[in-house]
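S.K.: Can you read through this structure? Questions will come right after.
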Amino acid sequence: MHRRTPDLADIVHDCGPNPEVLRFRPAVARKDFENNEYMNNFPRLAGTNHAF
């Protein structure tokens, strides 16, 4: 669920037309994640996390 509050609207407005985009590397390399068979043992516990 997404909700835009007045505070968030002010932040978005202050960023201007071309805000800086930050990208972060994954905490665990994909190759290591695939090789340790985590997905075979816990397929429902794997996913992504996004926070603003």
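S.K.: Tell me yes or no: at least one residue of region 17-33 is part of a helix (DSSP H, G or I), at pLDDT below 80 and surrounded by 10 or more Cβ atoms within 10 Å (Cβ to Cβ).
M.R.: yes
S.K.: Residue by residue through region 34-52, note down the ones that are part of a loop (DSSP other than H, G, I, E, B) and either charged (D, E, K, R) or modelled with pLDDT of 80 or more (or both).
M.R.: ASN36, GLU37, PHE42
S.K.: Within region 34-45, track down each residue that is surrounded by 10 or more Cβ atoms within 10 Å (Cβ to Cβ) and touching a helix residue (DSSP H, G or I) at 6+ places or on another chain (Cβ under 9 Å).
M.R.: TYR38, MET39
The values are calculated or read from the model by the stated rules, or taken from the named source; none is laboratory data. This is a predicted model, so every value here is computed, not measured. Cβ: placed from backbone, ideal geometry, glycine included. Neighbour counts: every protein chain shown.
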